[in-house]
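Have a look at the structure below, then the notes.
The values are calculated or read from the model by the stated rules, or taken from the named source; none is laboratory data. It should be emphasised that the depicted structure is a prediction, and the values quoted were computed from it without experimental measurement. Cβ coordinates were reconstructed from backbone atoms using ideal geometry, including for glycine residues, and neighbour counts include every protein chain displayed. SASA here: full protein model, heavy atoms, side chains in, ligands and nucleic acids out. Shrake-Rupley method; radii C 1.70, N 1.55, O 1.52, S 1.80 Å.
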Amino acid sequence: FADIAVIANVFFIIGVLASLGAALTLPGIAGIVLTIGMAVDANVLINERIKEELAHNSRSLKNAVADGYAHAASSIIDSNLTTLLAGFVLYSFGTGPVQGFAITLIIGILSSMFTAVLLSRVITEWQLEKGKIIHYVTGFSKGLFQNLNFNFVGNRFRYYMFSGVIILAGLASIFTKGFT
């Protein structure tokens, strides 16, 4: 259902741009790509919340779906409103390509909020009402990332060294071969 929501999001964006008579430029394509990323993020948040509800509360699927959407909504709305505000600022102070990017971004964010929060939920609840069983985990993914413990802070000096080696290799390449 998340795939359907993301595809519908792209169709809505292109439809609105076509109805406005806007030409699709590279900045517009960049806005669509960013919007797709945010739509995928929203759907991942929703599905992960539903999986958490199913795992921790042993509730019915219908209740887990309702709670999963409710718990994910605040994060999705916060991130999308922040990006929407940035889109309005870009449109207000930008010119030409920046405004094209901003318009596509604004349309995409509004469309993304509609498809991720409303459309995917309507489809999910419609399938549940029909008595379909929806699986949020597979045999492979069940428990895949549980009980992982990475000590990033304790190993930070190793990561600094690794990053430093990569940066030095890049600088050596720039100084010996140039940018071409």
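Per residue, the chain exposes 66 Å² of solvent-accessible protein surface, assessed with a 1.4 angstrom probe and all protein chains in place. Per-residue accessible area (protein heavy atoms, 1.4 Å probe) orders S173, S111 as S173, S111, starting from the largest. Taking A39, A23, A102 as the candidate residues, the one with maximal mean-square fluctuation in a Gaussian network model of the chain, Cα springs under 10 Å, is A23. In this view, the solvent-accessible surface of D3, computed with a 1.4 Å probe and all protein chains in place, comes to about 120 Å². When the alpha-carbon atoms of segment 79-180 are used, the pair Rg, Dmax equals 23.3, 65 angstrom.
When the charge dipole of the chain is built from unit charges on Cβ atoms (+1 for Lys and Arg, -1 for Asp and Glu) and taken about the Cα centre, the candidate among L24, F179, F101 whose Cα reaches farthest toward its positive end is F179.
Taking the chain as a Gaussian network of alpha-carbon nodes connected by springs under 10 Å, the highest mean-square fluctuation of the residues N155, N63, N80 belongs to N155. Taking the centroid of alpha carbons for each part, segment 1-79 and segment 124-157 are 17 Å apart. Listed values for segment 11-17 are Karplus-derived 3J(HN,Hα) couplings in whole Hz (6.51 cos²θ - 1.76 cosθ + 1.60, θ = phi - 60°), namely 5, 5, 4, 5, x, 5, 4, and x replaces Gly and Pro.
Counting only DSSP H runs of at least 4 residues, each contributing -39500 (n - 2.57), and dividing by the residue count of the chain, the helix-based mean residue ellipticity at 222 nm comes to -26000 deg cm²/dmol. Based on C-alpha pairs under 8 angstrom that are at least 6 apart in sequence, the chain has a relative contact order of 29 percent. Note on the chain: with a GNM built from Cα contacts shorter than 10 Å, the maximum mean-square fluctuation among G37, G87, G96 falls on G96. For the chain, the convex hull spanned by the alpha carbon atoms encloses 191 Å³ per residue. Considering only Q127, G68, G154, and ranking their Cα positions along the charge dipole of segment 62-180 that arises from unit charges at the beta-carbon of Lys, Arg, Asp and Glu, the one farthest toward the positive end is G154.
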